[in-house]
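The structure appears right after this line, and notes come after that.
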Amino acid sequence: MTVRLRTKVLLAFLAVSLCPLSLIAYRDSEVTRSALTRSAYQSLSAAASQTALRLDTFMAATANVVGTEAKMPALAEYLSRPAGAQAPAKGEDVLDMLEAFAEKNSVFTSSVAVLDLHGRIVLDTQPSNIGLDESATRHFRGALETGLPHASDLEFSTSDGKPYLTFSSPVKAPDGKPVGVLRERYSAAVLQYMIVENNRLVGPESFAIVLGDDGLVLADGHQSPWQLGEGMFESRRPPGLAEALASAGRPVPYFTVRLSKDESPSHAAVSNMTTQPWTVVFLQPQDVFLAPIRAHMRETVLLAVVIAGAVAVAAIAGAQLLTGPIVRLMAAVRRVADGHFEGKVTVRSRDEIGALANAFNVMTDRLKATVEGLRRSEENYRGIYENALEGMWRVSRDCRVLSANPAMARILGYASPEELMASVIDIGRQLYVRPQERDAVLLAYGRGTAIEGRESEFYRKDGQRIWVLTSGRPVHDDSGQFLFAEGFVTDITRRKRAEEELRRSAAYVTAAQPLSRTGSFGWHVSSGTIYWSDETFRIFQCDGASVPTVGFILDRTHPQDRAFVQHVIDQARQERTDFDCEHRLLLPDGSVRYLHVVAHALENTESGDLEFVGAVMDVTERKRAEEALHQTQAELAHVSRVTTLGELVASIAHEVNQPLAAIVADANASLNWLATRTPDLGGVREALAGIVKDGHRAADVIQRIRQLATRTGPEKARLDVNDVIRDVVPLIGTEVRSHEVSLRIDLAAALPPVLADRIQLQQVLINFVINGIEAMASVDDRLRELVIRTQPHDDDQVVVAVQDAGVGIDAQKTDQLFSAFYTTKPHGMGMGLSISRSIIEAHGGWLWATANPEHGATFHFALPKVP
């Protein structure tokens, strides 16, 4: 084996001693030289492209700026004026605007002008240009033809003969029609300035040339950056450059060119602009271009010498080659140990070292496949870990956070997992609102028990409390020692709050229903299922285990109300609408309860199922209170009527005395006629008829008084309001005459009947009349006139008005007149109008008062007619 290895070493030395120079030549010609040349050309090409791009950017950006400036409303307004109104003196504001446009690049901006649709300059920052005709220029025609901002090729001014770059854009009226052109003229020196600035892109002595499509040199990097060279725009490109440009780009955009016979060749790259038909050529002298290549060649020769010396040394120590494969194998082992599996040990022999190298390569392939599988698994796990919506973490036995994913940091209000791990050193004290919960979790982990779905309250970084759902498991070492716990955390704060709100709402409803005596129910119509709350069961006095049905509800309904309740239920079920009704219950103990039921219809648009949800209110106490209130109001009205009768005693006595006096007179006359020798039986008969008439008259007065004084419940009947007024007039006649009041009755014919209690309406009318008479007691300068008037209103009401000519009422205190105990009389109780309003409102009407235009006030009430 030793002999074989030495033979290989000698043969290797021979091969190494013969091959270095050929290897160096190959490397220089095929690799190094071509690579450096390609890199240098690529740098030139990049410089040419960057220069062209800069010029394109300048042209496009400037054109866009001019397009934006052309949209100024002032320009359109100025150009829309008649020709006589476009004089320079009348465009001072627009001229100031143009000068402001020129200031944005004052170094190269020659002038800014506004042209009308005929190409005539109407305003210019250079006044000498005003009136010139530019209609034949490319910038004027291009802007109007395209309707867009236009960057014109290099143009020579007709005024001074100098070259300029011209940018233009149409000025449009609000309706979109062009009314002129905004033109900005830049000195061609701006191209020279940008070209000279780009000379340094490649290296020393390199420069750029910009050529027009007609062969003119537009910019030359040799010249000054601020001024144009003499005759620049008169020179044509050199013949050699013209030939080179013709072949440039096939297949690469760079070439070698000799600009003149006296100059050495230059290497160049070309790039065409997109905004203008110009060509950018970037050149570098060949000496400068080849300098890096020649330097590398010198280094390569030096390297060859070094290699030759190394081979000589190696030949002297040829035995060292024996360790070469072993050294390479060891280096490969180190790379594998460092995790680099790409390289393999080169094997060209079949000896023992070759076999070992083959085995090593096989092992490397298998390790690479294994590590690649582990890497993919780790990436999958890392993707899940980093992007999971649930928080994941590991916690040590001393309550420190060992690792956490971004979701865990976000849940706890930290910017990153790193900040969470650095900040939280004791989760029991810093995170758990109740640290004893963490102690219980640690105890479970110590016993080897996993935690699933445990709800806990945590502190966030800002101190805010949140609810989380935790699940975790303990991890132990081989000896059973607890190492750490790992698990998931989910933020359930919103769910917990919703549950708490739902629980609180349910508790409030459950507690409030008995207090308000209001139960709730649900009725699924298609299935007939009815759901009742506890309070509803209590209202119906049945066990909560009972099953409520429509039949059961009707059985508990008062017999007089069953038909009505059945009708309401059937109508709501058929029309699928809400319902609202009141009815009575007849409970098993014989008691009667009043219910107010409201329900809302809910219809499932997909299935068409109908369901009602509603409330059942026990309004028995309210009904009883209303009855008591009505009884009290009736008693108060009776007291008021008796009081009113007391005030009308004189009038009533007069109304009774009149027929009594007539009866006495007729009786005396009859006696005298009968005492004569020849009795006047005809006169006696007439006198007796008068006695009967006056007796009935007195009886009617007394009957009316008794009706007013009797305390009876309201009895509504169909009435003619005019008849009620006629019955009141005799009762107030004496009162009217004693106060020297003129009473006028204005009753409308054919009034519709009303449903009312006659006695209560008489009470309201007498109250209005007495108030009107008392209001005119102090009036001496005008007629004391009281008017009682009736009239129909809106075809469904009857209005009664009592108008006086008294002292009137305060318009700001009109509403107080009908308040209880409010009075304007020195000795009044303040109850008359309040009772009157209660009576009218109980009849479904309304009562009000208004001030008359001149004197006094009018009190009205309206009652609905009988349908």
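Which value, in Å², gives the accessible area per residue of region 135-212 when a 1.4 Å probe is used on the protein heavy atoms?
40 Å²
Express in nm, to one decimal, how much length is gained between Ala359 and Asp214 on full extension, taking 0.36 nm for each residue of separation and deducting their alpha carbon distance.
So the chain would gain 45.1 nm between Ala359 and Asp214.
Please work out the FRET efficiency for the pair Lys71 and Gln42, using the Cβ-Cβ distance as r and a Förster radius of 51 Å; give the result to the nearest 0.05.
With R0 = 51 Å, the Cβ-Cβ based efficiency is 0.75.
Consider a paramagnetic label point 7 Å from the Cα of Gln791 along Cα→Cβ; state which residues of region 742-773 have an amide N under 17 Å from it.
744-752
What nm value, rounded to one decimal, do you get for the distance between Thr449 and Arg376 when each label is placed 7 Å out toward the C-beta?
4.2 nm
For Ala388 paired with Met330, estimate the spin-label separation in nm (one decimal), with each label point 7 Å from Cα along the Cα-to-Cβ line.
4.7 nm
Kirkwood hydrodynamic radius (Cα pairs, Å) of region 83-175?
The Cα-based Kirkwood calculation yields 13.9 Å.
His843: accessible area at probe 1.4 Å, nearest 10 Å²?
Solvent-accessible area, nearest 10 Å²: 20 Å².
Report, in whole Å, the centroid distance computed from the Cα atoms of region 166-191 and region 387-456.
Their Cα centres are 68 Å away from one another.
Simple spin-label model, 7 Å along Cα-to-Cβ: Leu483 to Leu783 in nm?
11.8 nm
Identify the residues of region 161-194 with backbone N under 20 Å of a label point that sits 7 angstrom from the Cα of Asp133 along the Cα-to-Cβ direction, or state none.
Hits in region 161-194 for Asp133 at 20 Å: 161, 180-183.
For region 534-588, build the convex hull from the C-alpha positions and give me its volume per residue in Å³.
So the per-residue hull volume is 93 Å³.
The values are calculated or read from the model by the stated rules, or taken from the named source; none is laboratory data. Model, not experiment: these values are computed from the prediction. Glycine also receives a Cβ, built like all others from the backbone with ideal geometry; neighbour counts cover every protein chain displayed. The area values use the complete protein model at the heavy-atom level, side chains included, leaving out ligands, DNA and RNA. Shrake-Rupley method; radii C 1.70, N 1.55, O 1.52, S 1.80 Å.
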